[in-house]
Amino acid sequence: MGSLITRSSTAELKNVINMTDKKKFIPALGYDWLTKFYDWTIKLTMPEKKFRTKLVDKLNPKSEEIILEFGYGTGQNLILANQRNNKSTFIALDIDPKVKAIAECKMKQHGFDISLDIYDGKIFPYADNSFHKVFSSLVFHQLDRETKLFCLKEIFRVLKPNGQLIIGDWGQAKSKTMRFAFYFVQILDGFQTTNDNVNGLLLKFIEQIGFKNANEVDFINTKIGTYSYYTATK
């Protein structure tokens, strides 16, 4: 299935041109050569079934909804979300071709027909007011502050009025132990990008963009830090 929602032809042409100036990004686990070990690392360091199931619980995909996952990675969240409700339409966006290849294999294995789009790290290739919900997991801690804010603006733009944002990511540590454990993530992904998360600023950024009812609604303490769940409404 190709992308169901696109911007104008002018914007599409602009995006093609911009591909020659693709924005730099931090790969999964911080280094390109570690990408193939991403799924294994998540299973080893986090309660994977628990934190992903909670994410899909917060997403609560409903029939006929059009839902975007920003930063689909290796596709694990898409699999669970589609299994929860295969009458929702899922579209996914990422910047990393290597994780797309892994996710595509998984989609084929499960027989899922989900759009796995790649973009250049700039304007999302979707029209305004396209999605009922946008969700994201373990993406924003890899973005610098400017990019965090820009991506939140793009999510706000592509959400329908009263559309919902659901983010699962590293949050403010709930204990000294969790703060110490999070240094493992910061060594891999960098202190510059992760400091805003562990300092509890992501929720403030969400509010700054104009989202309503922004809240940290839940969290899980893992072996490597506190994974928090944030929700907001356009």
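Cβ separations smaller than 6 Å between residues 6+ apart or across chains give the following pairs from region 107-133 residues that are within 14 Å of Arg157 (Cβ to Cβ) and of a type in the set (S, T, N, Q) to residues that are open to solvent by 20 Å² or more (accessible area, probe 1.4 Å) and part of a strand (DSSP E or B): Asn129/Lys160.
Between residues in region 186-211 that are at positive phi and residues that are part of a helix (DSSP H, G or I) and open to solvent by 40 Å² or more (accessible area, probe 1.4 Å), which pairs lie under 8 Å by C-beta distance while being six or more apart or on different chains? Here the result reads Gly210/Phe156, each pair linking region 186-211 to a residue that is part of a helix (DSSP H, G or I) and open to solvent by 40 Å² or more (accessible area, probe 1.4 Å). Looking across region 44-54 at every residue that is open to solvent by less than 60 Å² (accessible area, probe 1.4 Å) and either without any contact (Cβ under 8 Å) to a residue 40 or more places away in the chain or touching a helix residue (DSSP H, G or I) at 6+ places or on another chain (Cβ under 6 Å) (or both), the one that is farthest from Val134 (Cα to Cα) is identified as Glu48. Do we find that Ile209 is among the β-branched types (Val, Ile, Thr), more than 16 Å from the chain's Cα centre (by Cα) and either over 18 Å from Leu143 (Cβ atoms) or modelled with pLDDT under 95 (or both) in this structure? It is false that Ile209 is among the β-branched types (Val, Ile, Thr), more than 16 Å from the chain's Cα centre (by Cα) and either over 18 Å from Leu143 (Cβ atoms) or modelled with pLDDT under 95 (or both). Do you know which residues across region 171-210 are touching a Ser or Thr at 6+ places or on another chain (Cβ under 7 Å) and either of a type in the set (A, V, I, L, M) or surrounded by 21 or more Cβ atoms within 10 Å (Cβ to Cβ) (or both)? If the condition is that a residue be touching a Ser or Thr at 6+ places or on another chain (Cβ under 7 Å) and either of a type in the set (A, V, I, L, M) or surrounded by 21 or more Cβ atoms within 10 Å (Cβ to Cβ) (or both), then Gly171, Ala173, Met178, Val185 are the ones that fit.
Is it the case, given these coordinates, that Leu138 is open to solvent by 10 Å² or more (accessible area, probe 1.4 Å) and modelled with pLDDT under 95? Judged against the criteria, Leu138 is a match. No other residue among Lys100, Lys106, Lys122 is modelled with pLDDT under 95, open to solvent by 10 Å² or more (accessible area, probe 1.4 Å) and in contact with a strand residue (DSSP E or B) (Cβ under 6 Å, 6 or more places away or on another chain) apart from Lys100. Restricting region 211-234 to residues that are of a type in the set (Val, Ile, Thr) and surrounded by fewer than 16 Cβ atoms within 10 Å (Cβ to Cβ), the residue that is farthest from Gln172 (Cα to Cα) is Thr233.
The values are calculated or read from the model by the stated rules, or taken from the named source; none is laboratory data. From a predicted model like this one, the values you see are computed outputs, not experimental measurements. A quick note on method: Cβ atoms are made from the backbone with ideal geometry, for glycine too, and the neighbour counts reach across all protein chains shown. Please note that ligands, DNA and RNA were not included when accessible areas were found on the heavy atoms of the full protein model with its side chains. Shrake-Rupley method; radii C 1.70, N 1.55, O 1.52, S 1.80 Å.
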